[in-house]
Structures are given as structure tokens and as C-alpha cells.
Amino acid sequence: MPMHPPELVEIDPQHAITVRGDVPPDDLAAFFGPALSTAAAAAATAGVELAGPPFGYYAEMSAETVVVEAGFPVAEAVADLGDAHPLVLPGGRAVQTVHEGSYDTLQQTYAALEAWMAERGLHPASGPWEVYLTDPGTEPDPGRWQTRVVWPVG
């Protein structure tokens, strides 16, 4: 599993527009397309500029349900816009890496990050998020996909 070396970084809070889902893990892939389309359309309707690639913020995860916010960073705060709503990704210290490959192998990257944090006495402070740097619609080879994983730490 190709993964860039993890790094401890300081990040700024980031305004975003998202669509929330309480989704069974097996249904995540089907959730993202419509959710991202809804978030992008809501931002366009509001005249708010997207400020980066799409992401998924994982507020809670269990074997049965994943509470996920799928959306885009935006240049300024937004109001509720129908099915889309504002979110602020947390700032502060975080561990990040870039995962290379299929989304199916992301769990290996998470396990490696957890081990890296434990070796350094770091503990997850809130939910992680994934920034989808590669658009599967334009890059059909999953082996070439890149996903930045950001995990706030305490």
C-alpha cells in the first residue's frame, strides 16, 4: 500500500459546504456522488466559490453506520442551503499523509497512521477526513488515485 510518510502539521480551520449521511459502510461509495453534486450545486446557487477538492469528514464510525459529511471547502462561511449545510473542518495539530491507490485500501493507511501516532504519544482528537485529490471520473486507474488523509491529534 503506497503511502507518503506521515507528517505532523498545524492546519487552519476551513469553512465548507457539505451533505450529511448516516450510511452503512458498504453504501459509502453510492452516497458520495449524489452528496457532492448536491453540495456543489448549493454552493453555485449561493454564489460561493469552492476552495479545493472534495472531501469526506468522518465524524463517527462503527461497523453498522458511518456518520459522514461529504462536500467541498469554500472561500467563506455559508448558510444552510436546502440539503447542504455549513461545516468548519477543525484547525490545530493534525497528522496527514497521502494514500496512493484504491479507496478499498484506505483502511491500511488508517492503521498505519494509528500506529505512527501511538509511537509518538499522539491521540486522535476528532474525526479524520479524506481529501480526494484525484477525480475517478478523469483517472480510471485506481492505482493512480491520491487521497490526502488528515487526522486531528491532541
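The values are calculated or read from the model by the stated rules, or taken from the named source; none is laboratory data. As the structure is a prediction and not an experimental result, all values here were calculated from the model. Cβ coordinates were reconstructed from backbone atoms using ideal geometry, including for glycine residues, and neighbour counts include every protein chain displayed. These accessible areas exclude ligands, DNA and RNA; they are computed on the full protein's heavy atoms, side chains included. Shrake-Rupley method; radii C 1.70, N 1.55, O 1.52, S 1.80 Å.
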Which of the residues spanning the range 59-73 are open to solvent by less than 50 Å² (accessible area, probe 1.4 Å) and either modelled with pLDDT under 90 or among the acidic types (Asp, Glu) (or both)?
69
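Here is a yes/no grid of residues against (1) part of a loop (DSSP other than H, G, I, E, B); (2) over 13 Å from the mean Cα position of the chain (by Cα):
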| site | (1), (2) |
| --- | --- |
| 110 | no, no |
| 126 | yes, no |
| 140 | yes, yes |
| 143 | no, yes |
| 149 | no, no |
| 152 | no, no |
Tally time: how many residues in the range 1-34 are among the hydrophobic types (A, V, I, L, M, F, W, C), more than 20 Å from residue 60 (Cα to Cα) and outside any strand (DSSP E or B)?
1
Could you run through the range 47-58 and say how many residues are open to solvent by 50 Å² or more (accessible area, probe 1.4 Å) and touching a strand residue (DSSP E or B) at 6+ places or on another chain (Cβ under 8 Å)?
4
A careful count of residues in the range 125-148 that are within 13 Å of residue 98 (Cα to Cα), of a type in the set (Val, Ile, Thr) and surrounded by fewer than 16 Cβ atoms within 10 Å (Cβ to Cβ) gives 1
Do we have any residue at all in the range 95-105 that's more than 13 Å from the chain's Cα centre (by Cα), under 18 Å from residue 22 (Cα atoms), at pLDDT 95 or above and surrounded by fewer than 21 Cβ atoms within 10 Å (Cβ to Cβ)?
no
Check the range 31-42 and report whether any residue there is more than 22 Å from residue 135 (Cβ to Cβ), out of contact with any Leu (no Cβ under 9 Å at 6 or more places or on another chain) and surrounded by fewer than 17 Cβ atoms within 10 Å (Cβ to Cβ).
no
Identify, please: which residue in the range 74-87 is open to solvent by 80 Å² or more (accessible area, probe 1.4 Å) and in contact (Cβ under 8 Å) with a residue 24 or more places away in the chain and is, among those, farthest from residue 20 (Cα to Cα)?
76
